[in-house]
Amino acid sequence: MTPAGVFAGVCLLLAVYCAVDPFNHSAMSEFPDFEAVKVEVPPWSAIPVEKDPENLLQKSEIKFLNQVQGPESMAFDPAGRGPYTGVADGRIIFWNGEKWTDFAYTSANRSGLCDPQPSPMSYLKNEHICGRPLGLRFDKRTGELYIADAYFGLMKVGPEGGLATSLTTEAEGVPLGFTNDLDIDNEGNVYFTDSSTKYKRRNFLQLIFSGEDSGRVLKYNPNTKETTVLFRNLQFPNGLSLSKDGSFFVFCEGSIGRLRKYWLKGEKAGTSEIMAVLPGFPDNVRTNEKGEFWVAIHCRRTVYAYILALYPKVRKLWLKLPIPAKIHYLMQIGGRVHAVVLKYSPEGKLLQILEDRQGKVVKAVSEVEEKDGKLWMGSVLMPFVAVYQLD
């Protein structure tokens, strides 16, 4: 047989193997209905190439190592105390200046399944039981803490903490599938994201690999108790933050890698526009006292990730190979976890970039909260909080 014939035969066998997956070794073997969707990524030439040449995030201080597992969101109460953060076992904990103490929790059915585990990822299989608080925001008027729990929806708890109360778990008859982040306006309206109605947070890798577009941005009205959909058919909407004057909010389009602005007031009210194209996959976004926006980038977008985003059939075939999901994920992020945070003006101009491209100190960032000249950085994947001193 000629070399060309051998190659053709190998390709045929590989195609048959991928189609059948006889040993259930593929990353999608547990998801028989898995479909890959084209991600409408910006042109490669539009993706920012600016870097932090000094890798300044390597100067960050690592705090609370192995005391907090997967602290996604950093919040300070109206009196400036904190931080408060939600961790992988379903609790919301509070730093009182000396130690971490329990403040609140989202599940009424906590059990031994929620006991300490060796890493944030160890809790994934029981998150739907223990709860997984992600975005946190204090209502500065009342001192109540609002919580986006990935499984239990939009919730809140009083200034004294305890078991959180459910506010909403559905919109338009469709249950919230992956409640992710939120912010509150001066009237008490809550704007929040539902990253997917198809995949739960414990299946976030499948959501990333799929690129599916069931995500939504929603509004909860505390007076009418109604939840309305402001934006639909989104590919992994993630962080959300109101502008300083409350005229618009910004939310992250996770799969596409963009910041989108949604107008709440003025002539453009009810419309949206692209605010900025990002160099990678965004997580949360937070507004500082100047009205600027800090964006946590989960990882930079690689050529590998870009090509797979554009060609869903190739992506689906590739995911059928006997390669673990973790390996696919590492290839997606360029081989290692690394940290990138960006600061944007309200108009979408890139003002500052801070990085640890090697992941030597800050290995991943889910959120950046600026307070008193410091950046408090949480990470859903890491057992610590990183703090960077601004100039």
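Over every pair of different alpha-carbon atoms in segment 24-80, take the mean of 1/r and invert it; report that Kirkwood radius in Å.
17.8 Å
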- Can you give the charge dipole size of segment 102-151 about its Cα centre, rounded to the nearest 20 debye, using +1 on the beta carbon of Lys and Arg and -1 on the beta carbon of Asp and Glu? 120 debye
- Each label sits 7 Å from Cα toward the beta-carbon; between Ile129 and Asn96 the label points are separated, in nm, by 3.0 nm
- Mind giving me the nanometre distance, one decimal, between the label points for Thr165 and Glu289, set 7 Å out from Cα along Cα→Cβ? 3.2 nm
- Note on the structure: Largest fluctuation, Val68, Val368, Val295 only, Gaussian network model of the chain with Cα springs under 10 angstrom, belongs to Val68
- Message: If I build a Gaussian network model for the chain, linking alpha-carbon pairs within less than 10 angstrom, which residue out of Met331, Met74, Met377 has the largest mean-square fluctuation?
- Response: Met331
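Peptides 122-129, 49-56: what's the order by average Cβ count within 10 Å, highest mean first?
122-129, 49-56
Cα gyration tensor of segment 163-263, axes a ≥ b ≥ c as square roots of the eigenvalues: rounded (a/c below 1.5), prolate (a/b > b/c) or oblate?
Oblate, since a/c reaches 1.5 and b/c is not below a/b.
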- Task: Using Cα centres only, tell me the gap between segment 92-123 and segment 337-364 in whole Å.
- Result: 28 Å
- Asn55 long-range amide H proximity, modeled H, under 5 Å: Glu355
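So for segment 109-159, considering every pair of alpha-carbon atoms, how many percent are separated by more than 16 Å?
Within segment 109-159, distances greater than 16 Å cover 49 percent of Cα pairs.
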- Message: Taking 18 Å as the cut-off for C-alpha to C-alpha distance, list the pairs among Lys63/Lys374; Lys59/Lys374; Lys63/Lys99; Lys244/Lys290; Lys156/Lys200 that go past it.
- Response: Lys156/Lys200
- Could you give the length gained on full extension between Asp33 and Thr224, defined as 0.36 nm per residue of separation minus the Cα-Cα distance, in nm? 65.0 nm
- Given Val341, Val68, Val387, which one lies farthest toward the positive end of the charge dipole of the chain, if we put +1 on the Cβ of every Lys and Arg and -1 on the Cβ of every Asp and Glu? Val341
- Peptides 246-259, 152-165 ordered by average Cβ neighbours within 10 Å, highest first: 246-259, 152-165
- Query: How much space per residue, in cubic angstrom, does the convex hull of the C-alpha atoms of the chain take up?
  - Reply: 155 Å³
- Helix-only [θ] at 222 nm, the chain, -39500 (n - 2.57) per DSSP H run of 4+, per residue, nearest 500, equals -4000 deg cm²/dmol
- Note on the structure: The size of the Cβ-based charge dipole (Lys, Arg +1; Asp, Glu -1) of the chain about the Cα centre, to the nearest 20 debye, is 760 debye
- Item | Net charge over other residues, Cβ less than 9 angstrom from the Cβ of Phe251 (K, R count +1; D, E count -1) | 0
- Message: Under a Cβ-only charge scheme (Lys and Arg +1, Asp and Glu -1), can you give me the dipole magnitude of segment 26-65 about the Cα centre, in debye to the nearest 20?
- Response: 200 debye
- Report the FRET efficiency, 1/(1 + (r/R0)^6), for Gln352 and Val49, where r is their Cβ-Cβ distance and R0 is 25 Å, rounded to 0.05. 0.95
- Picking from Glu369, Glu267, Glu144, which is most flexible by a Gaussian network model of the chain using Cα springs under 10 Å? Glu267
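Any read-out appearing in this document is the output of simple, stated calculations on the displayed coordinates, not a laboratory observation. In this text, all values refer to a predicted model and were calculated from it rather than measured experimentally. FYI the Cβ positions are ideal-geometry reconstructions off the backbone, even for glycines, and counts take in every protein chain you see.
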